[in-house]
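The values are calculated or read from the model by the stated rules, or taken from the named source; none is laboratory data. Remember, predicted model here, so these are calculated numbers, not experimental data. Reconstructed Cβ throughout: ideal geometry from the backbone, glycine too, with neighbour counts over all protein chains shown. The protein model used for the area step is the full one, side chains on, heavy atoms only, and it has no ligands, DNA or RNA in it. Shrake-Rupley method; radii C 1.70, N 1.55, O 1.52, S 1.80 Å.
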Amino acid sequence: MTGLRVLAVDDEQPALEDLAYMLRADPRIGEVALARDGASALKMLDRAMADGRPVEAVFLDIRMRGLDGVVLGRLLAQFARPPRVVFVTAYEEHAVDAFEIKAEDYLLKPVRPERLAEAVRRVCAGLPGATEPASEASRPDTETIPVELAGVTRFVASSDVRYVEAQGDYARLHTGSGSHLVRIPLAVLEERWGAAGFVRVHRSHLVALKHIDELHIDSGRCTVRIGDTEIPVSRRHTRELRDLLVRRARKGRTE
């Protein structure tokens, strides 16, 4: 893979110059174009595509005059060949927007070189024909979701989530090391993570099939055990879950 063609967008000149300097210092980056606002960024992206040299990644500020970064990110997601988007912002509260847009990463200012390097790695790993192996967090069936812990935004890979519990308009992600509350409805996660092996077993629970340790059916009541946690399975989901587990077990024996 040749050097990446990227576009950095920020309406603050010093921040834009700092970001451009760090990007150009990365040997994986080939070209760095700069834009001071969303409208200029769109024009540059259209021009690059018309010239047959489409931009592969956009490093994008969020709060800008005119067309802000979230709106621009949504527009980019509608491109026939959308560039990878990495948000670079001083504000934590847009992490959910980044998740919905399927941004590659979400960096908080001031940007640390090691975090920018990780964002570039994620972009490279997700591009067609990538030569470096994709990490667990960048596989097509794996998605990262932002969670906020004591003012710090972290990204949790869906592959690390064992089960999800609905809490109103929120969802609590349970991993092997703890739990995280996110402002995303359970139904949204069910739709987005179905291909990754997550199954709805109850109106308030979504579980990862690979993390189910046991299935119990007693007097018509069905539950599954994940680690030390027992999760109820509603009657209407019991047969589907049992069939899925049986097919999964058979597939495992034949591989």
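Note on the chain: dipole from Cβ charges, positive end direction compared against V9, I184, S204; the farthest Cα belongs to S204.
For the chain, with all protein chains in place and a probe radius of 1.4 Å, 48% of the accessible heavy-atom surface sits on carbon or sulfur.
Using +1 on the beta carbon of Lys and Arg, -1 on that of Asp and Glu, and nothing else charged, what's the dipole of the chain about the Cα centre, debye to 20?
Taking the Cα centre of the chain as origin, the dipole is about 1040 debye.
Using the 1.4 Å probe convention, the accessible area of the chain works out to 54 Å² per residue with neighbouring protein chains retained. Could you check what % of the DSSP bridge pairs in the chain are antiparallel, to the nearest 5? Looking only at bridges with both residues in the chain, the antiparallel portion is about 65 percent.
Applying the Kirkwood pairwise sum to the alpha-carbon positions of the chain produces a hydrodynamic radius of 20.0 angstrom. Annotation note: trypsin sites (Lys or Arg not before Pro) in the range 47-84 located in DSSP loop regions with a Cβ neighbour count of at most 11 within 10 Å are R65. Against the chain, whose longest principal axis comes from its Cα atoms, helix 235-254 is set at around 80 degrees.
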